[in-house]
Amino acid sequence: MNIIYTLYWDRGGANMATHAVLEALGVPYKLIEIDLTKQMQKTPEYLAINPNGKVPTLQHNDQVIYESSAILMYILDQHPESGLAPALNSPKRGYYYQYLIWMSNTLQEAVDRWAHPENYISGDVNLKQIKEKGNQVLARCWDILNTDLGKKGPWLLGDELSGADFHLFMITYWSHGYDSRAEDWPNLRKHIQAMLKLDSVQKMMAQEGLAFEC
């Protein structure tokens with residue numbers, strides 16, 4: 001079996017969406033674990049691949065790509081037959097881009113402020129305020145998504161499952177232990193439950209040793 005893609009990953013990390021999409025595509029791929037608890041992301045060898053010292057990173061042929069949403073868009077553009085990304089001339093293509101970029105720039109920003117407030121200020125004097133603000137923004141983001149899913153559902157683009165749904169599932173999984181949990185919004189809860197029924201998500205969860213009851 002010829003390996004097409006190599007994915008650098010950490011258990012339950014931002015690689016979850018790409019990992020599940022690779023399973024959905026049924027293409028040959030290789031996983032290389034970068035255990036963040038062991039600081040493997042800071043080794044010279046890994047920094048030579050991804051200077052940000054984060055996961056995921058994708059290698060494909062001679063290309064190295066990082067940032068989870070960029071990786072998703074890149075992979076799915078290699079496999080238009082999958083139907084997991086709207087065609088270039090589809091009116092849904094814009095919404096597909098919108099959700100992936102919004103989730104990376106706005107939703108994940110709120111997640112990071114709640115989960116890692118220390119990344120936004122020196123010292124620990126105002127960590128609580130940063131965390132609280134992150135939680136407020138996160139709740140507002142869940143409101144937006146819950147409304148969109150209520151109008152369009154069952155998926156972000158309506159009747160068509162897309163890479164954006166895999167990305168959303170990844171973030172909703174993270175929120176399971178937060179003050180503001182996606183599963184507490186009814187339409188998001190339905191989305192999570194639908195994603196958990198997908199074989200590709202089940203395989204990804206099993207391979208990464210993850211569990212999620214909703």
Report task. Could you tell me the convex hull volume per residue, in Å³, taken over the Cα atoms of region 64-214? Result -> 128 Å³
Requested in this report: Just subtract the alpha-carbon distance of Gln202 and Leu36 from 0.36 nm times their residue separation and send over the number in nm, one decimal.
Outcome: 57.5 nm
**Report entry** Set Lys54/Lys190; Lys38/Lys190; Lys54/Lys133; Lys30/Lys131; Lys151/Lys197 screened for pairs whose C-alpha atoms are more than 26 Å apart
**Finding:** Lys54/Lys190; Lys38/Lys190; Lys30/Lys131
Query - Taking only Cα atoms of region 139-214, radius of gyration then Dmax in Å - result: 11.8, 34
Report summary line: region 64-80 scanned against label point 7 Å out from Ile101 along Cα→C-beta; backbone N under 13 Å for 70
Query raised in the report: Which value in deg cm²/dmol, rounded to the nearest 500, describes the helix-derived mean residue ellipticity at 222 nm for the chain, given -39,500 (n - 2.57) per DSSP H run of n ≥ 4 and division by the residue count?
Result: -14500 deg cm²/dmol
Requested in this report: For region 1-62, just run the numbers: alpha carbon Rg, then divide by 2.2 N^0.38 Å, N being how many residues it has.
Outcome: 1.10
Query raised in the report: So what is the accessible area of region 80-165 per residue, in Å², with the probe set to 1.4 Å?
Result: 55 Å²
Requested in this report: Return P(r) of region 22-100 (all Cα-Cα pairs; 5 Å bins starting at 0; whole %; ordered from short to long distances).
Outcome: 3, 13, 21, 21, 16, 13, 8, 4, 1
Query raised in the report: So what does log10 I(q)/I(0) come out to for region 60-143 at q = 0.20 Å⁻¹, using the Debye formula with one equal point on every Cα and no solvent?
Result: -0.91
Query raised in the report: Of Ala17, Ile121, His167, whose Cα points farthest to the positive end of the dipole of the chain (charges on the beta-carbon: +1 Lys, Arg; -1 Asp, Glu; origin at the Cα centre)?
Result: Ile121
Report task. Tally up the carbon and sulfur contribution to the accessible surface of the chain as a whole percent, 1.4 Å probe, everything protein left in place. Result -> 50 percent
Requested in this report: Counting only DSSP beta bridges with both residues in the chain, tell me the antiparallel percent, nearest 5.
Outcome: 65 percent
Requested in this report: Calculate the length of the line joining the C-alpha centroid of region 150-192 to that of region 40-60, in whole Å.
Outcome: 29 Å
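The values are calculated or read from the model by the stated rules, or taken from the named source; none is laboratory data. Since this is a predicted model, take the numbers as computed values, not measurements. Note: ideal-geometry Cβ built from the backbone for every residue, glycine included; neighbour counts use all protein chains shown. To get the accessible areas, we keep the full protein, side chains included, count just its heavy atoms, and leave off ligands, DNA and RNA. Shrake-Rupley method; radii C 1.70, N 1.55, O 1.52, S 1.80 Å.
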